Amino acid sequence: MSSTTVRKILYVEDEPNIQAVARMALEDIGGFEVRIAGSGEEGLAEAKRFEPDLILLDAMMPGLDGFGTFRELRRDPALRQIPVVFMTAKVQSHEVSSYLDLGAWAVIPKPFDPITLSDEIRALWEKHHGPVA
Amino acid sequence: MALSPDDRRARMEALRRKFLDQLPEMARAALSAFERAAERSAGPEALDDARRRLHTLAGTLGTFGYLALMKEVRLLEDAVRPEAPPTAPADAASATASLRAKIQGLVLGGGRPDEEVA
C-alpha cells in the first residue's frame, strides 16, 4: 500500500453505469488494476482484501456515504494510510475544502472525463510521491 | 493494453446504449420522486429519496455527455435540498413534464450527446 507507483485502484461508486465508464477509463485506458465497490460498506471490505494503492470515493451514496466511508478508513490502522480522492459533483470551494480538511488528497469533479481520468490520477500521485518510475 | 481511439469510442457507445435503455425507467422514478417531494404532505424521507434519485440521474447523464439535461436535473436536485424553499406541485409537474419530453426525445433520437466523452 505504500508502493512508489500507483497500480491498484479501488473505486467506490453506487451507480452501475458510472462504474462501467470508470472501469473502462481506469483499466482499459489507464492500465490500472481496478476493483469496484458498490457501497461504502463494500468498499471498506474490498480495501482490506485488495490493498489498493489509492481509493476513489464517490461522496453521495446510500447507506454509508463518502464522508462516513472516509472516516471508517481513517479509523482502521490497516487502511488509514491509503490515499483517498473524492469524486463528486459538489465542487464549490467550501465543499472541496471540507474534503481536503478531512485529509483527502484531492477532489475530482463529476462528471469526470474518461479519457483524462487516469492522467489526473498519475499527476496526483506524482504530486505526492514524485515522478512515477 | 491501452484501447485505440476507435475501440474506445465503440466501448463508450456500447455503454451509452445500455444507459439509454435504462434511462426512461431511471428518469421516471426520479421525476416521480420529485413530484412526491413537492406534495404538501411530503416528509424528509420523500425529499431525501428524490434528492438521491435526481443526483444519480444527473451524474449519469453527465458521465455520458448529456450536459444540458444534467444541468436541468441538477436544478430539481437543488430544489429538494432541505434548506430550499418548497416547490409548488404545479411547478413541479411542469418541470417534470418538460424533462420527460426531453428525455423521451433523447432516447427516440438515438441519444446523441452534447459532448463526446470518448
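The values are calculated or read from the model by the stated rules, or taken from the named source; none is laboratory data. A quick note: this is a predicted structure, and the numbers were derived from the prediction, not measured. All Cβ positions, even for glycine, are placed from backbone atoms using ideal geometry, and neighbour counts span all protein chains on display. Surface accessibility is based on the protein's heavy atoms, side chains included, excluding ligands, DNA and RNA. Shrake-Rupley method; radii C 1.70, N 1.55, O 1.52, S 1.80 Å.
Remark: region A:25-75 carries a charge dipole of roughly 300 debye about the Cα centre, counting +1 on each Lys and Arg Cβ and -1 on each Asp and Glu Cβ. Mind putting a number on the dipole of chain A about its Cα centre? Charges go on the C-beta only, +1 for Lys and Arg and -1 for Asp and Glu, and I need it in Debye to the nearest 20. In debye, rounded to 20, chain A gives about 380.
When Lys and Arg each count +1 and Asp and Glu each count -1, what net charge do the other residues less than 11 Å away from A:A25, Cβ to Cβ, add up to? Present the calculation step by step, with values, prior to reporting the outcome.
Values: positive: A:R23, B:R8, B:R11; negative: A:E27, A:D28, A:D113, A:D119, A:E120.
Charge balance near A:A25 sits at -2.
Of A:S39, A:S97, the order by accessible heavy-atom surface (1.4 Å probe, DNA, RNA and ligands excluded), from most exposed downward, is A:S97, A:S39. When chain B is treated as a GNM with alpha-carbon contacts under 10 Å, the residue of B:L15, B:L47, B:L23 showing the greatest mean-square fluctuation is B:L15.
Residues whose amide H lies under 5 Å from that of A:V12, counting only those 5 or more places away or on a different chain, are A:A37, A:L56, A:L57, A:D58; hydrogens are built 1.01 Å from N in the peptide plane.
Return the average number of partner chain Cβ atoms within 10 angstrom of each residue Cβ along peptide A:109-119. Could the numbers behind the result be given before it?
On the way: counts 1, 7, 13, 4, 5, 7, 6, 0, 0, 1, 0.
Mean shielding by partner chains, rounded to a whole number: 4.
Ordering A:W125, A:S39, B:A27 by the projection of their Cα atoms onto the charge dipole of the protein assembly as shown, which places +1 on the Cβ of Lys and Arg and -1 on the Cβ of Asp and Glu, puts B:A27 at the extreme positive end.
Assuming charge only on the beta carbon of Lys and Arg (+1) and of Asp and Glu (-1), the dipole of region B:1-40 about its Cα centre is about 40 debye to the nearest 20.
Report the GluC sites (Glu not before Pro) located in region B:20-108 that are in a DSSP loop and have at most 10 other Cβ atoms inside 10 Å of their Cβ, or state none. Let's see the in-between values first.
Details: sites: B:E25, B:E35, B:E39, B:E45, B:E72, B:E77, B:E83; in loops: B:E39, B:E83.
Listed in order of number, the matching sites are B:E83.
Taking 20 Å as the limit for the C-alpha separation, the pairs B:K71/B:K102; A:K48/B:K18; A:K90/A:K127; A:K8/A:K90; B:K18/B:K71 exceed it in the case of A:K48/B:K18; A:K90/A:K127; A:K8/A:K90; B:K18/B:K71.
Please state, to two decimals, what the Cα-based radius of gyration of region A:13-62 comes to when divided by 2.2 N^0.38 Å (N = residues). The partial results should precede the final answer.
Values: Rg = 10.6 Å, N = 50, 2.2 N^0.38 = 9.7 Å.
That ratio works out to 1.09.
Distant-in-sequence amide contacts of A:T88, defined by a placed amide H-H separation under 5 Å and a gap of 5 or more residues or a different chain, comprise A:I108, A:K110.
Selection among B:A97, B:L76, A:A89 by position relative to the dipole of the protein assembly as shown gives B:A97 as farthest towards the positive end (Cβ unit charges, Cα centre). Coupling constants for region A:113-129 follow from the phi torsions by the Karplus curve (6.51 cos²θ - 1.76 cosθ + 1.60, θ = phi - 60°), and in residue order they are 8, x, 6, 9, 4, 5, 5, 4, 5, 5, 5, 5, 4, 5, 4, 8, 10 Hz; glycine and proline get x.
Simple spin-label estimate for B:E115 and B:A84 gives 2.2 nm between the two label positions (7 Å along the Cα-to-Cβ direction from each Cα).
Per residue of A:24-37, count partner chain C-beta atoms within 10 Å of its C-beta, then hand back the mean as an integer. Could you put the intermediate results ahead of the total?
Details: counts 8, 5, 0, 1, 6, 7, 1, 2, 0, 0, 0, 0, 0, 0.
Taking all residues of A:24-37 together, the mean is 2.
When only alpha carbons of the protein assembly as shown are considered, Rg and Dmax amount to 18.8, 60 Å. Treating chain B as a set of equal point scatterers at the Cα positions, no solvent, please give the Debye-formula log₁₀ I(q)/I(0) at q = 0.12, 0.13, 0.14, 0.18 Å⁻¹. Calculated log10 I(q)/I(0) at the listed q: -0.45, -0.52, -0.59, -0.86.
On average over all directions, what projected area in square nanometres does region A:1-119 have, based on the convex hull of its Cα atoms? If you can, show how the numbers build up before the last one.
Numbers: hull surface 26.6 nm².
So the Cα hull casts an average projection of 6.6 nm².
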